[in-house]
Structure formats: C-alpha cells, structure tokens
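> Take a look at the following structure, please.
The values are calculated or read from the model by the stated rules, or taken from the named source; none is laboratory data. Since the model is a prediction, treat every value here as computed from it, not as a measurement. Here the Cβ is made from the backbone with ideal geometry for all residues, glycine too, and neighbour counts use every protein chain on show. SASA here: full protein model, heavy atoms, side chains in, ligands and nucleic acids out. Shrake-Rupley method; radii C 1.70, N 1.55, O 1.52, S 1.80 Å.
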Amino acid sequence: FLTTENTSLGTSKKIGGERADDLLTIAEKCCVRHEEEGYGLVFRTNAASVNDQVLQEDITEVQNVFSRLMKTGVHEKAGSLLYRNVPGYLAKLKAQDLKEIDRIYTDCPAIYKEISDYMPWLYEKDFLQLYKDDAVSLSTLYHIRGNMEELLNSKVWLPSGANIIIETFETLTIIDVNSGKNQSRKEDAIFQINLEAAREIARQLRLRNISGMIIVD
C-alpha cells in the first residue's frame, strides 16, 4: 500500500529473508523518485506469494492513481470525493487464478461494464459473459436466492434429516448438531449424522465467513 506521511520503502514484518530483500529491490526499481514525489510503499504479507510481474503492475497502477489525485485533487471543492476503492468483488476477481474458473457471468450491465473497464483482459480472453435470458434468471439458474436464504437461517438441514444450529455471538460462534427428524439411535446412524455435520459445518464456516472462537457440540 502507498503512504504519504512515510516516504520510505518497506515490507510487512511477517515477510523475512530473501523474499523481503527481493520485494525491496522491486520497490526501489519501480519507485526511483518516491521521496521527491512524496510517497512511500509498503508490501503487505500476501505480497510474498505474488508473482513479481504482477507486483510491478500493481505498483505502477498505485503510482498512477496517486499521481492523478495529486494533480486533480487541488482543483476540487472541499468535501468532493477524490478516490473510491474498488468494490470487494473486483478485488476478489483480480486476485483470482483464472485457471480455477471457466466463466464469469453477470446479468447486470453496469457490473459487466465495471468489470470490463477494470479488468479488460477478462473480456478479451472471453472469460466475462453478460447473461441474457428472460425465461430463466441467473439467480434462478444457480439457486442464488435459495442459497442466500440458507445463509441467513440459523438452522441447516442435513441429508439424513438431522440438522445443525449456528448461533453467532460477539465473542464466539456456537454450533449444535441435532438428530432432528432422524430418530435412529443406532451407532452407525449417529456416526453418519456426525460425518454429514462435519462436512456441512466446514462448508458453512466458509460460506458465512465465520472465524474466531468456534464451539461445536
């Protein structure tokens, strides 16, 4: 990230050894006049695993944004919006490995244009598609609304008829496994419920972005 009060070049303390030296070399190469122009640069921890070419492109982009702000900001009225960070979905797409996806679909023309403008290579490589089908919406096709409702519900049903209850509090998350409609008391059945619950709990933690202290009963 770019800093203005501190004009030095640095890396996260969690990055050490040769990788930290390599990152500083990249920064020094790309930011020759950083002190004169009044900015510094610090590599976050996840920069350690990013390709050097991608890092150089990011540095160039950040420098360009900073340069535009310094040139245009002085002419704006007080209270004017000078810069807005990109939406979270754009940041996630930028960090996504294209080898892991087949297509990116959206049925919103505004979002389609925003992605095309921000990452034109997605459009050029035909990864980005504007979905158009009046008969079946994109939400219906991929059961998006149903998945959203599931995420808002504290009770999640399992294939065996059992369920898990997810309660998130300020300091921790509690997950309770219940037999529910499955009234069998056989050892194999209870073991099967626990297997289903273990898989579904892992899935729900990722879907709901739950972290911190988690207690499973």
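> Scan segment 145-157 residue by residue and report those that are at pLDDT below 80 and either out of contact with any helix residue (DSSP H, G or I) (no Cβ under 7 Å at 6 or more places or on another chain) or not in a helix (DSSP H, G or I) (or both). Full working, then the answer.
Restricting attention to segment 145-157, the residues satisfying the condition of being at pLDDT below 80 are 145-151.
Across segment 145-157, the qualifying residues are G146, N147, M148, E149, E150.
Quick grid of which residues meet (1) surrounded by 12 or more Cβ atoms within 10 Å (Cβ to Cβ); (2) within 21 Å of G40 (Cβ to Cβ):
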{"site": "L55", "(1), (2)": "yes, yes"}
{"site": "N64", "(1), (2)": "no, yes"}
{"site": "S67", "(1), (2)": "yes, yes"}
{"site": "H75", "(1), (2)": "no, no"}
{"site": "A78", "(1), (2)": "no, no"}
{"site": "L81", "(1), (2)": "no, no"}
{"site": "N85", "(1), (2)": "no, yes"}
{"site": "Y89", "(1), (2)": "yes, no"}
{"site": "K94", "(1), (2)": "yes, no"}
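> Given the options E150, E167, name the one that is among the charged types (D, E, K, R) and surrounded by 14 or more Cβ atoms within 10 Å (Cβ to Cβ). Reasoning before the result, please.
Values: E167 fails: surrounded by 14 or more Cβ atoms within 10 Å (Cβ to Cβ).
Within the list E150, E167, the selection yields E150.
> Would you confirm whether any residue within segment 193-213 is among the polar types (S, T, N, Q), farther than 28 Å from C108 by Cα and assigned to a helix (DSSP H, G or I)?
Just the residues of segment 193-213 that are among the polar types (S, T, N, Q), to begin with: 194, 204, 209, 211.
Pick out the ones that are also farther than 28 Å from C108 by Cα and you get 194, 211.
Next cut, assigned to a helix (DSSP H, G or I) only: 194.
There is at least one residue in segment 193-213 that is among the polar types (S, T, N, Q), farther than 28 Å from C108 by Cα and assigned to a helix (DSSP H, G or I).
> Let me ask something else about it. Working only within segment 87-141, note down all residues that are of a type in the set (F, W, Y), over 23 Å from E61 (Cβ atoms) and within 20 Å of the chain's Cα centre (by Cα). Working first, answer last.
Start the filter on segment 87-141 by keeping residues that are of a type in the set (F, W, Y), which leaves 89, 105, 112, 118, 121, 123, 127, 131.
With over 23 Å from E61 (Cβ atoms) added as a condition, the list becomes 105, 131.
Of everything in segment 87-141, just one residue is of a type in the set (F, W, Y), over 23 Å from E61 (Cβ atoms) and within 20 Å of the chain's Cα centre (by Cα), namely Y105.
> I've got another one for you. Looking at segment 96-105 only, could you name the residues that are part of a helix (DSSP H, G or I) and open to solvent by less than 80 Å² (accessible area, probe 1.4 Å)?
Once the filter is applied, which keeps residues that are part of a helix (DSSP H, G or I) and open to solvent by less than 80 Å² (accessible area, probe 1.4 Å), segment 96-105 yields only L98.
> What pairs come out if I take residues in segment 119-146 that are surrounded by fewer than 12 Cβ atoms within 10 Å (Cβ to Cβ) and pair them with residues that are among the basic types (K, R) whose C-beta lies under 6 Å away, six or more apart or interchain?
none
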